[in-house]
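*Asks:* Below you will find the structure I want to go over with you.
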Amino acid sequence: MSLAERHEMMTGQDATWEGGMGSVGDYIALLKPRVMSLVIFTAFVGMMLAPGQLHPVLAGVGLLCIAIGAGASGALNMWYDADIDRIMSRTKKRPIPAGKITPDEALVFGLTLSLGSVLTLGLVVNWFTGAFLAFTILFYVVIYTMWLKRSTPQNIVIGGAAGAFPPIIGWAAVTGNVSLESLILFLIIFMWTPPHFWALALFKSGDYRAAGIPMMPVVAGESSTRTQILAYAVILAPIVVSPYLLGFAGPVYGGVSSALSAVFVALAFNVWRKREGDAARKAAIRLFSYSILYLFLIFALLLGENLLTRMV
Amino acid sequence: MEDDRVKLTEKQKQARRSRSIAIALVLAALVILFYVVTIVKMGPDVLTRPL
């Protein structure tokens, strides 16, 4: 709609406006707070594991900027995906499809927060980290949301990189660069993303099919997806243990992460084995639920062990 | 001249008020944040350096 048309509509006889209905809570929902909490946590672990020191106030501001940047990506994602969010049961209550916030309002909100978080991070922490946050937002919004999500079943494989960047950003906030250790943290989340999302897609494939999103079960079929989930789980396990093998995590991490990874592979195997009926659905839900706990525990272990080492 | 501006409903006015309060709080928090960051980054002598 052109600005002239919009003006005409707004200055019509009734002069009513469909916007301006969003509450503060609706705008907070646009930031995808649950995703944001994972971003904050993994970025924090990246910061704590990095060698060197960052003043606690600057570290706090850095984390806040990373969180706001992630939230801004979420708002821009909801702006662009409003049409398909209306169709899927999981997303139809989001503020835009629910009619509480207009797409234009979400766009302006997302752009403002993106710009603010990137500039503040650059000014307060360092410009490399600010640029990395800008790249992450662009990657999530342009590469994943606008391009990959609707065009290829590899959408969440490649797009998953956006969700895996936060520990690198946290690490770079302290050191000003990217290192092997931060790349390992990136790889853990990057390789964890496909089995996590495909488990969800297995029991929500009807939603994705209705919305026309080419998720792996919709395009390649459930059988192929189950095999790929198992393959990713098997490849992920040694990557998760590698911080111990490379010497930047201790034996406690090595032992516990091996056990947690074994459970993850076992649950993925269960998904691969059970292919019919309610048992198949339950296996996928169990893998999806455990995957969230698994990633949280891996990063919590890395953090806990690091804090203990610092104290001793 | 007839007033052709957008007329907000009561619900829209209420939502705008709560958003305005939230924006005011965020702005106040940002002022404090940048003040503290300035002190941390440049030190307490930030105002006593030669011109």
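The values are calculated or read from the model by the stated rules, or taken from the named source; none is laboratory data. Just so it is clear, the model here is predicted, and its values are computed rather than measured. Note: ideal-geometry Cβ built from the backbone for every residue, glycine included; neighbour counts use all protein chains shown. All accessible areas refer to the heavy atoms of the entire protein, side chains included, with ligands and DNA or RNA removed. Shrake-Rupley method; radii C 1.70, N 1.55, O 1.52, S 1.80 Å.
*Asks:* Quick check on chain A: take the gyration tensor over C-alpha atoms, sort the square-rooted eigenvalues as a ≥ b ≥ c, and tell me if it's rounded (a/c under 1.5), prolate or oblate.
*Replies:* Oblate, because a/c is 1.5 or more while a/b does not exceed b/c.
*Asks:* Now for a different question. I'd like the FRET efficiency for A:Ile285 and A:Leu187, computed as 1/(1 + (r/R0)^6) with the beta carbon distance as r and R0 of 35 Å, rounded to 0.05.
*Replies:* The computed FRET efficiency comes out at 0.85.
*Asks:* While we're on this one: Using only the Cα atoms of region A:12-85, what do you get for the radius of gyration and for Dmax, in Å?
*Replies:* 17.5, 65
*Asks:* Count, for each residue of A:55-62, the Cβ atoms from other chains sitting within 10 Å of its Cβ, then give me the mean as a whole number.
*Replies:* 3
*Asks:* Then there's this: Which parts of region A:49-73 would a label at B:Thr38 reach, counting a residue when its backbone N lies under 17 Å from a point 7 Å out along Cα-to-Cβ?
*Replies:* A:58
*Asks:* Compute the FRET efficiency between B:Lys7 and A:Leu115 as 1/(1 + (r/R0)^6), taking r as their Cβ-Cβ distance and R0 = 25 Å, and round to the nearest 0.05.
*Replies:* The formula returns an efficiency of 0.20 here.
*Asks:* According to a simple spin-label model (label point 7 Å from Cα along Cα-to-Cβ), what is the distance in nm between A:Phe296 and A:Ser224?
*Replies:* 3.4 nm
*Asks:* In peptide B:15-28, how many Cβ atoms from other protein chains are near each Cβ within 10 Å, on average?
*Replies:* Mean partner shielding for this stretch: 2.
*Asks:* In percent, what relative contact order does region A:151-282 have, based on Cα pairs under 8 Å that are 6 or more apart in sequence?
*Replies:* Relative contact order here is 23 percent.
*Asks:* When chain A is treated as a GNM, springs tying every alpha-carbon pair under 10 Å, which of A:Thr136, A:Thr225, A:Thr152 comes out with the largest mean-square fluctuation?
*Replies:* Looking only at A:Thr136, A:Thr225, A:Thr152, the largest GNM fluctuation is found for A:Thr152.
*Asks:* Okay, next question. For peptide A:17-24, how many partner chain Cβ atoms fall within 10 Å of a residue's Cβ, on average?
*Replies:* Other-chain Cβ atoms within 10 Å of each residue's Cβ, averaged: 6.
*Asks:* I've got another one for you. Tell me the net charge near A:Pro243. Cut-off is 15 Å between Cβ atoms, A:Pro243 excluded, with +1 for each Lys or Arg and -1 for each Asp or Glu.
*Replies:* For residues surrounding A:Pro243, the net value is -2.
*Asks:* With springs connecting C-alpha atoms under 10 Å apart, model chain A as a Gaussian network and identify which of A:Ala249, A:Ala210, A:Ala199 has the largest mean-square fluctuation.
*Replies:* Maximum among the listed residues: A:Ala210.
*Asks:* With a point put 7 Å past each Cα toward its Cβ, work out how far A:Asp104 is from A:Ile235 in nm, to one decimal.
*Replies:* My value for the distance between the label points is 4.5 nm.
*Asks:* I'd like the carbon and sulfur percentage of the solvent accessible area for chain A, probe radius 1.4 Å, heavy atoms only, ligands and nucleic acids excluded.
*Replies:* 68 percent
*Asks:* Full extension from A:Ser37 to A:Ile158: what is 0.36 nm times the residue separation minus their Cα-Cα distance, to one decimal in nm?
*Replies:* Full extension of this stretch gives 41.4 nm more.
*Asks:* Continuing with this model, one more query. Add -39500 (n - 2.57) for each DSSP H run of 4 or more in chain A, then divide by its residues: what number comes out at 222 nm, to the nearest 500 deg cm²/dmol?
*Replies:* -24500 deg cm²/dmol
*Asks:* For a label point 7 angstrom out from the Cα of B:Ser18 toward its Cβ, which stretches of region A:76-116 have the backbone nitrogen within less than 13 Å?
*Replies:* A:100-101
*Asks:* Rank A:Ser257, A:Ser291, A:Ser23 by mean-square fluctuation in a GNM of chain A with C-alpha springs under 10 angstrom and give only the top-ranked residue.
*Replies:* Fluctuation is largest for A:Ser23.
*Asks:* Explain nothing, just compute: Karplus ³J(HN,Hα) = 6.51 cos²θ - 1.76 cosθ + 1.60, θ = phi - 60°, for every residue of region A:148-158 in order, whole Hz, x for Gly and Pro.
*Replies:* These are the phi-based 3J(HN,Hα) values: 5, 3, 9, 10, 8, x, 7, 3, 7, 5, 6 Hz.
*Asks:* How many nm separate the modelled label positions at B:Arg49 and B:Leu30, each set 7 Å beyond the Cα in the direction of the Cβ?
*Replies:* So the two model labels end up 2.4 nm from each other.
*Asks:* Straight-line reach from A:Lys149: which lysines fall under 30 Å, measuring Cα to Cα and dropping same-chain residues less than 8 apart?
*Replies:* The reachable lysines, counting only those whose Cα sits under 30 Å from A:Lys149, are A:Lys32, A:Lys92, A:Lys93, A:Lys100, A:Lys204, A:Lys274, A:Lys282.
*Asks:* Here's another thing I want to ask about it. Excluding A:Leu76 itself, what net charge comes from residues whose Cβ is under 14 Å from its Cβ, given Lys and Arg +1 and Asp and Glu -1?
*Replies:* Net of charged neighbours comes to -1.
*Asks:* Output ³J(HN,Hα) for region A:72-85: one whole-Hz value per residue in order, computed from phi by the Karplus curve 6.51 cos²θ - 1.76 cosθ + 1.60 with θ = phi - 60°, and x for Gly and Pro.
*Replies:* Along region A:72-85, the couplings run 4, 4, x, 5, 5, 4, 5, 4, 6, 9, 3, 5, 7, 4 Hz.
*Asks:* Run the numbers for A:Asp278 and A:Ser179: contour at 0.36 nm per residue of separation, minus the present Cα-Cα distance, in nm.
*Replies:* 31.2 nm is the gain from fully extending A:Asp278 to A:Ser179.
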